[in-house]
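The values are calculated or read from the model by the stated rules, or taken from the named source; none is laboratory data. Fair warning: this is a prediction, and the values are worked out from it, not measured in the lab. Cβ: placed from backbone, ideal geometry, glycine included. Neighbour counts: every protein chain shown. Side chains included, ligands, DNA and RNA excluded: accessible areas come from the protein's heavy atoms. Shrake-Rupley method; radii C 1.70, N 1.55, O 1.52, S 1.80 Å.
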Amino acid sequence: MIAAWAWPPWPRLELRIDVDPDEARLEQELDTLQRRLRRPGDVLHGIDCEPAPMPGFRLHWREADGELYVYVEDVLHQRLAGYTVFNRLIELDVRADRHLRAPHSKYRAAYRRRGLATAVYRRSLDAGCCLVTGARQSAGAHALWRRLARHYPLRYVQLRERVLRALGETVDARLHDELHTRMLLLGRGWDEARLAAEAGLVRETT
């Protein structure tokens, strides 16, 4: 099972940055989630929570179908700042699915670049989860991964036909731009050897 919610510079990190969220639609979505968190009888009401690492914020979380949803609340203003969901990837086989998740975050514009999503990602990495990018990233997600790569080992991998193949710490321009090329952050306690043994990562032999 995936780890429970218990808790040198990397060149050329960007991968297909082309996601541009609709800000008005995002505000509406977060307002709806905020109401649901406070509505008795809703599935989101009364879910687990605890103070966030950042003063003035609180984390609410729930797990559904193997995916973890983390909601970040601004306690002072009683406002949902945003959320991160750690998605399963249908491209992964059963072994890799136990240990890898693809995070996706949505935060209000006023709360971006304040380290909120970074803290949530680090919580998951420190709990022993490995993170892999989806097919595309927003500019904000790209910047977040660049920051995290200063503290956690980052590798390039190829995800094709449900096989996860190691590509190394860097890739050439051609391989980098392929849709099947992803970035992988190794969580606490993980290295390539363990990922090969427990998640089926295919490593080149010499």
Worksheet entry | Kirkwood hydrodynamic radius of the stretch 123-183, Cα pairs, Å | 12.5
Worksheet item: In deg cm²/dmol and to the nearest 500, what is the mean residue ellipticity at 222 nm of the chain if only DSSP H runs of at least 4 residues count, each as -39500 (n - 2.57), divided by the residue total?
Response: -7000 deg cm²/dmol
Fill in: Sorted largest first, extent of the stretch 64-206 alpha carbons per principal axis (Å)
57, 32, 25
Worksheet item: Can you list the residues, at least 5 places off or on another chain, whose amide H is less than 5 Å from the amide H of Arg79, using H built in the peptide plane?
Response: Asp74
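Rounded to the nearest whole Å², what accessible area per residue is found for the chain with the 1.4 Å probe?
53
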Worksheet entry | Protein accessible area in the chain, 1.4 Å probe - carbon and sulfur % | 51
Practice prompt. Pull up all non-local amide H partners of Asn87: gap of 5 or more, or a different chain, and H-to-H distance under 5 Å with H placed in the peptide plane.
Written response: Ala102, His104
Worksheet entry | Mean Cβ neighbour count within 10 Å, used as a protection proxy, ranking 166-178, 134-146 highest first | 134-146, 166-178
Worksheet item: What percent of all Cα-Cα pairs in the stretch 91-143 falls in each 5 Å bin, counting up from 0?
Response: 4, 17, 27, 22, 18, 7, 4, 1
Worksheet item: Using θ = phi - 60° and the Karplus curve 6.51 cos²θ - 1.76 cosθ + 1.60, what whole-Hz ³J(HN,Hα) does each residue of the stretch 138-147 get, with Gly and Pro shown as x?
Response: 7, 4, x, 5, 4, 5, 4, 4, 5, 5
Fill in: Most to least packed among 96-106, 75-85, 38-48 [average Cβ atoms within 10 Å]
96-106, 75-85, 38-48
